[in-house]
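What follows draws every value from the coordinates through simple rules; no lab data is involved. Keep in mind the model is a prediction, meaning the values are calculated, not measured. Note: ideal-geometry Cβ built from the backbone for every residue, glycine included; neighbour counts use all protein chains shown.
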Amino acid sequence: MAFHDLTPDKSAPPNCKQLFGLGSKFIPTPPKTTGQLGLKKTLERFNRDLRLKVHFAGEESDSDEDADHKSKLYVKSKWTPPDQITPSWVLTRVNRFSKKVGELFRCKNAPSNLDTLQQELLELLPSDPTYLFPETDKGLGPCAVKFTQYLDDVLVHLCNDEVYERLTEEEALLYADVIHADITEWLKKYRGTIGEHAYKFISEHINNNLSSPFGQFYVLYKIHKGIGDDGKWPTRPVSSDVTSLPHALMGSGSLKF
């Protein structure tokens, strides 16, 4: 189990290693098994997927329009072929399959893959603002740091005026408006080139992110470097644009111009 207590006084709650050492990809089992409600959502998706496969079966083309349709940049459709245009054999088979599968699922208590102490800690930590449990650099597992400690380590980077420039909220929002206008103008100019699907995808993304147009900043602890002479752990700064306005453009690199 990989877990690292990086708090200055080694005060991470007991049993943290037993919980976080399971890894960030570990998923606790739900308290109940899949019942009719959970199965209903799955069967609805299966029903829609099958209808779409049947509806569009055999439609192949090498045209530019078809190539645009296969673009990775597209707004996911919610359309489902209605009963009137779906072959009767599809409806019959889906109904029979759903009925038979439904007979196999009953909601009941499920055994947990966490022991009692791990479950108690998992319930306690979200309400305790004292500690954070970020990832370490190089994939060396999660660690424990104090919230104030994490803030200090982040500000070491953000207060470096040789790298970062501090903006007022008004200035930041103004820059966001400029970026939005630039992307919108770019979309209008190259709409015919990038294709309608990519155009709609990028447009929807920037409009959805307009209310919160900025990226995210966080740090990873470089435990492989060892603790510094100042008693602090070195960190790697990460600026993620996943929630920012330009993020959708990152996927446009695969588009052909």
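Annotations
- Long pairs among Lys72/Lys99; Lys17/Lys225; Lys72/Lys188; Lys76/Lys99; Lys76/Lys100; Lys146/Lys222, criterion Cα-Cα beyond 24 Å: Lys72/Lys99; Lys76/Lys99; Lys76/Lys100
- For Asp5, the residues whose modelled amide H falls within less than 5 Å of its own, excluding neighbours fewer than 5 places apart on the same chain, are Ala144.
- Segment 96-247 shape via C-alpha gyration tensor axes, a/c threshold 1.5: oblate
- In plain terms, the C-alpha convex hull of segment 192-249 casts an average shadow of 5.9 nm² when viewed from every direction.
- Taking a Cβ cut-off of under 11 Å around Asp137, the surrounding Lys, Arg, Asp and Glu residues balance to a net charge of +3, with basic ones at +1 and acidic ones at -1.
- With K and R counted +1 and D and E -1, the other residues having a Cβ less than 12 Å from that of Arg93 yield a net charge of +4.
- Taking Cβ atoms as reference points and 15 Å as the exclusive limit, the residues near Ile183 contribute a net charge of -1, counting Lys and Arg as +1 and Asp and Glu as -1.
- Overall form of the chain: oblate. Here a/c, set by the Cα gyration tensor axes a ≥ b ≥ c, is 1.5 or more, and a/b is not larger than b/c.
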